[in-house]
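The values are calculated or read from the model by the stated rules, or taken from the named source; none is laboratory data. As the structure is a prediction and not an experimental result, all values here were calculated from the model. FYI the Cβ positions are ideal-geometry reconstructions off the backbone, even for glycines, and counts take in every protein chain you see.
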Amino acid sequence: MSSSRRLCTRLGLLVVLLAPLAACGSGDGGSTRVGATATRTPEFSVSSTFSLPTLPTVGATAAPAPGKGATPRPSERPLQGRTIVLDPGHNGGNAGDPAAINRQVDAGGFRKACDTAGAETGAVGGAGTTSYPEHAFTFDVATRMAAILRSRGATVVLTRGDDTGVGPCIDRRAAIGNTAGPGGAPADVALSIHADGGPASGRGFHVLRPGALPGRNDAILADSRSLSQEVHAAMLRVNQPPASYIGTDGYDVRTDLGGLNLSTVPKVFVECANMRNKTDAARLVDPVFRQQLAVALSDGLGDYLFGR
Ligand SMILES: [Zn+2]
């Protein structure tokens, strides 16, 4: 082999080695943090044989270990000392207790129902089969995320501990985030997990961040916007398209949600999909997809917290 041919071989090897990094970086969906995705492991390589709590993505050992000057992979970003509140929307007992969930509570300067029963899919297995309710979906994803984030060192607080109770009310969900930190301090971040009940023809996700309520939520607006971008990027990584039927390119700004209005913690809602759309519903009922979603959203929270 000539020296020039050896050089070509080495260059070819270099190209092969660099190509996956370029491919990973291009999939970030508009994140503004330079370099944050350079070593991101493709989430789609998650095996269907996942088991809790061993959840790092397959292929993680192929990326360089984090060191001085390197951005750690999401699974290696330190979350010790961080308090993360996960708020799985609705609850399994809500539909059976309308008096409790219709009770009016403070929603941030106005009154609103304590909670709602949530959305549900159509019959997931065809006519005569059962639907998949939003409360079950949100609790499943939150539980998976809690295991992932705890394995990374975070303190994780859920706003409800089971999927059979009623509530808590929206004001209580916000209050949990505001006091979940050490000594009753605010948590570092809060994520409310939902799936929408939109028109059957529309699909996709959207991220809801707080709109300006001067004198009430000024302190969390900018950080909640950054959080919304990381959650948006996470949804793109699981190949969910931005919602076709609501919001703008997968974003919406809301001032009518008590869970946002009452939060003193950077917080967004993610409507992961439209349960009434058959394509979206087929994804939501798949536990493999829900695990991919939980990993991606956990990575997104790590992306948001990294460096803060
Ligand atoms: Zn919901």
Any hit, region 64-85, residues being outside any strand (DSSP E or B), within 16 Å of the ligand (Cβ to nearest atom) and modelled with pLDDT of 95 or more: no
I'd like the full set of residues that are buried (at least 24 other Cβ atoms within 10 Å of the Cβ), of a type in the set (Asp, Glu) and either over 15 Å from ASP87 (Cα atoms) or at pLDDT below 95 (or both), limited to region 224-275. GLU230
Taking ALA195, is it among the aliphatic types (A, V, I, L, M), touching a helix residue (DSSP H, G or I) at 6+ places or on another chain (Cβ under 8 Å), farther than 17 Å from SER298 by Cβ and outside any strand (DSSP E or B)? no
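Of GLY118, GLY108, GLY128, which residue is in a loop (DSSP other than H, G, I, E, B), crowded, with 18+ Cβ neighbours inside 10 Å and more than 12 Å from the ligand (Cβ to nearest atom)? Please lay out each step first, then the result.
Values: GLY118 fails: more than 12 Å from the ligand (Cβ to nearest atom); GLY128 fails: crowded, with 18+ Cβ neighbours inside 10 Å.
Only one candidate passes the filter, namely GLY108.
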State whether the residues of region 92-101 include one that is in contact with a strand residue (DSSP E or B) (Cβ under 9 Å, 6 or more places away or on another chain), at pLDDT 95 or above and of a type in the set (D, E, K, R). no
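Would a scan of region 140-163 turn up a residue that is in a loop (DSSP other than H, G, I, E, B), among the hydrophobic types (A, V, I, L, M, F, W, C), out of contact with any Lys or Arg (no Cβ under 6 Å at 6 or more places or on another chain) and modelled with pLDDT of 95 or more?
So the first thing to find is which residues in region 140-163 are in a loop (DSSP other than H, G, I, E, B), and the list is 152-154, 159-163.
This time we only want the ones that are among the hydrophobic types (A, V, I, L, M, F, W, C), so: 154.
Subsequent filtering for residues that are out of contact with any Lys or Arg (no Cβ under 6 Å at 6 or more places or on another chain) retains none.
Within region 140-163, none of the residues are in a loop (DSSP other than H, G, I, E, B), among the hydrophobic types (A, V, I, L, M, F, W, C), out of contact with any Lys or Arg (no Cβ under 6 Å at 6 or more places or on another chain) and modelled with pLDDT of 95 or more.
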Residues in region 94-105 that are touching a residue at least 40 places away in the same chain (Cβ under 8 Å) and within 15 Å of the ligand (Cβ to nearest atom): how many? 2
Considering only region 203-218, I want to know if a residue exists there that is surrounded by fewer than 19 Cβ atoms within 10 Å (Cβ to Cβ), not in a loop (DSSP other than H, G, I, E, B) and not aromatic (Phe, Trp, Tyr). yes
